[in-house]
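Student: Attaching a single structure in structure tokens format; questions to follow.
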Amino acid sequence: LAKQRLLIKGGKVVNDDLSVMADVYVEDGVVQQVGPNLNPEPVTGLVVLDATNKLVIPGGIDTHTHMQFPFMGSRSKDDFYTGTKAAIAGGTTMIIDFAIPQKGCSLIEAFDTWKSWADPQVCCDYALHVAVTWWSDKVKEEMKSLVQNKGVNSFKMFMAYKDVYMVNDEELYAAFSSCKELGAVAQVHAENGELIAQGAKKMLAMGITGPEGHELCRPEEVEAEATQRAVTIANAVNCPLYIVHVMSKSAAKVISRARRQGKVVYGEPIAASLGTDGTNYWNKDWAHAAAYVMGPPLRPDPSTPGFLMNLLANDDLSVTGTDNCTFDICQKALGKDDFTKIPNGVNGVEDRMSVIWEKGVYSGKMDENRFVAVTSTNAAKIFNLYPKKGRIAVGSDADIVIWDPKATRTISAKTHHQANNFNIFEGMVCHGVPVATVSRGKVVYEGGAFNVTAGEGKYVSRPPFPSYVYERVRQREQVCQPVPVKRAPYTDVVSETSAMP
């Protein structure tokens with residue numbers, strides 16, 4: 001790999017801030033030159049990729065995946081090998097997965113477990129968020145150790161999954177305070193877990209056992225309420241907040257309003273919420289309906305994807321992931337008689353880039369530069385990977401995709417590389433196709449063929465206090481603190497009160 005030299009010729013280099021016709025020369029896995037008519041010497045041993053009439057973009061960063069995740073009595077189908085292989089086929093060169101401990105268990109042990117699964121398998125670079133599922137002094141110390149010694153700078157708290165992962169408001173406040181102190185990004189799964197638990201009981205008592213019950217017991221106001229609560233608590237702490245998988249108009253409006261009030265909040269819609277909707281829960285075919293079950297659910301309002309895409313295009317929402325957590329139909333059938341037992345999760349790691357190009361750029365809602373921002377650059381900035389990741393520039397990692405904006409592909413479970421027998425975007429025709437994917441300077445996918453082995457990807461440490469996130473937070477800490485009013489002491493009579501019985 002160290003000897004590999006690569007020249008990408010004749011394409012248009014697209015970053016989040018500008019596009020320019022230029023060649024890109026890569027050596028030792030790092031971009032060495034960007035400019036017109038490059039002719040690096042010697043010619044021998046130089047791999048040349050022709051990008052004429054194509055875009056040369058930073059590799060996608062999927063901010064939200066769950067590979068081989070043990071969850072709801074099963075384990076997600078995509079492991080770190082099949083999942084990252086599917087990612088590079090779709091134009092994604094880095095994933096950020098979640099290490100999730102059970103309540104009462106060690107965060108560091110969970111991190112070590114997930115890393116031991118990933119290291120021998122990954123086909124592209126990866127990092128790990130860590131979930132905080134309970135609170136104690138030990139958790140606080142482990143968060144500190146993860147930031148200082150393991151390269152973790154983001155922690156996720158669940159406001160849903162009562163009795164499994166859910167934390168209460170007091171624990172949220174403590175976790176947010178720790179994140180702020182450590183320079184980490186606080187993430188939340190924003191749904192009111194108590195209302196979901198009560199709603200599920202109500203639906204089952206009414207005889208609603210199918211997948212539609214999943215959405216009916218967690219309507220979008222349940223997501224919006226928790227989003228507002230998380231924003232309020234984070235603002236009280238002056239902690240930056242990142243809302244994962246934004247699924248509804250209501251929650252998106254809360255985030256948009258908070259950002260316009262100056263709060264440091266980021267919203268992450270996912271490929272599923274941008275590319276399909278929850279009308280599928282009412283499909284007469286149980287297996288079809290169950291395949292779309294995820295938490296929070298997709299929304300039955302069919303105008304939701306377009307609404308979310310508009311907000312993403314205009315920076316009310318900031319970044320995109322997938323929540324890729326695949327369960328096949330047999331696994332979903334664990335809940336054939338009770339929707340609360342259907343494992344939550346959908347595909348997307350291979351589909352995200354094309355779905356967002358189709359629904360965002362091809363539809364005219366966003367331009368190519370914003371596409372790069374929401375699929376790569378903003379994630380790199382928020383999680384302190386920039387400019388090594390998320391940009392094509394001298395000194396940046398050579399994670400690059402040659403993108404054909406005019407080519408089309410039809411998404412199908414028959415042809416995708418995700419380890420699942422169902423695709424929630426089945427039959428969708430997408431303009432915008434990755435022609436070649438370069439990871440760490442090596443062409444790992446080209447023209448439908450892979451050239452990658454398990455374990456070639458690397459774990460990427462992320463330092464704390466990303467300036468993109470924390471610059472405003474630090475400044476506010478200095479200048480926005482309340483101060484007591486200076487006044488003369490009160491010297492008059494003070495009434496004597498007797499204790500009431």
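The values are calculated or read from the model by the stated rules, or taken from the named source; none is laboratory data. Computed from a predicted model, the values in this text were never measured in an experiment. Positions of Cβ are backbone-derived with ideal geometry, glycine not excepted, and every protein chain shown enters the neighbour counts. What goes into the accessible areas is simple: the full protein's heavy atoms, side chains included, and nothing from ligands, DNA or RNA. Shrake-Rupley method; radii C 1.70, N 1.55, O 1.52, S 1.80 Å.
Student: So which residues in region 264-282 are more than 23 Å from residue 62 (Cβ to Cβ) and touching a residue at least 60 places away in the same chain (Cβ under 8 Å)?
Tutor: Correct list: 281, 282.
Student: Also: Between a residue in region 237-263 that is in contact (Cβ under 8 Å) with a residue 40 or more places away in the chain and closer than 24 Å to residue 474 by Cβ and any residue that is open to solvent by 10 Å² or more (accessible area, probe 1.4 Å) and among the polar types (S, T, N, Q), which pairs come within a Cβ distance under 6 Å, given they are 6 or more apart or on different chains?
Tutor: Close Cβ pairs satisfying both conditions: 237/177.
Student: Looking only at region 131-162, how many residues end up being surrounded by fewer than 18 Cβ atoms within 10 Å (Cβ to Cβ), in contact (Cβ under 8 Å) with a residue 60 or more places away in the chain and charged (D, E, K, R)?
Tutor: Residues in region 131-162 being surrounded by fewer than 18 Cβ atoms within 10 Å (Cβ to Cβ), in contact (Cβ under 8 Å) with a residue 60 or more places away in the chain and charged (D, E, K, R): 0 in total.
Student: So residue 422 ticks every box in (1) crowded, with 19+ Cβ neighbours inside 10 Å; (2) touching a strand residue (DSSP E or B) at 6+ places or on another chain (Cβ under 7 Å) but one. Which box is left unticked?
Tutor: Going through the list (1) crowded, with 19+ Cβ neighbours inside 10 Å; (2) touching a strand residue (DSSP E or B) at 6+ places or on another chain (Cβ under 7 Å), residue 422 breaks only (2).
Student: Scanning region 1-43 for residues that are open to solvent by 30 Å² or more (accessible area, probe 1.4 Å) and aliphatic (A, V, I, L, M), which turns out farthest from residue 314 (Cα to Cα)?
Tutor: Filtering first and then ranking leaves 43.
Student: Which residues, counting only those in region 258-275, are in contact with a helix residue (DSSP H, G or I) (Cβ under 7 Å, 6 or more places away or on another chain) and either over 23 Å from residue 356 (Cα atoms) or polar (S, T, N, Q) (or both)?
Tutor: Within region 258-275, 258, 263, 264, 273 qualify.
Student: Tally the residues that are in a helix (DSSP H, G or I), touching a Pro at 6+ places or on another chain (Cβ under 7 Å) and within 25 Å of residue 65 (Cβ to Cβ), restricting the search to region 254-296.
Tutor: 7
Student: Moving on to the next point. Among the residues of region 473-501, how many are open to solvent by 100 Å² or more (accessible area, probe 1.4 Å) and either basic (Lys, Arg) or in a helix (DSSP H, G or I) (or both)?
Tutor: 4
Student: Out of the residues in region 345-371 that are polar (S, T, N, Q) and open to solvent by less than 10 Å² (accessible area, probe 1.4 Å), state the one that is farthest from residue 56 (Cα to Cα).
Tutor: So, considering only residues that are polar (S, T, N, Q) and open to solvent by less than 10 Å² (accessible area, probe 1.4 Å), the one farthest from residue 56 (Cα to Cα) is 347.
Student: Sticking with this one: Sort through 223, 268 and tell me the only one that's touching a strand residue (DSSP E or B) at 6+ places or on another chain (Cβ under 9 Å), crowded, with 22+ Cβ neighbours inside 10 Å and closer than 24 Å to residue 430 by Cβ.
Tutor: 268
Student: Okay, next question. Among the residues of region 90-119, write down those that are under 29 Å from residue 354 (Cβ atoms) and not in a helix (DSSP H, G or I).
Tutor: Answer for region 90-119, where residues must be under 29 Å from residue 354 (Cβ atoms) and not in a helix (DSSP H, G or I): 90, 91, 92, 93, 94, 95, 96, 97, 98, 99, 100, 119.
Student: If a residue counts only when it is within 22 Å of residue 376 (Cα to Cα), which strands (runs of 3 or more DSSP E) contained entirely in region 11-79 have at least 2 such residues?
Tutor: Per the criteria, 12-14, 19-21, 23-27, 30-35, 55-58, 60-65.
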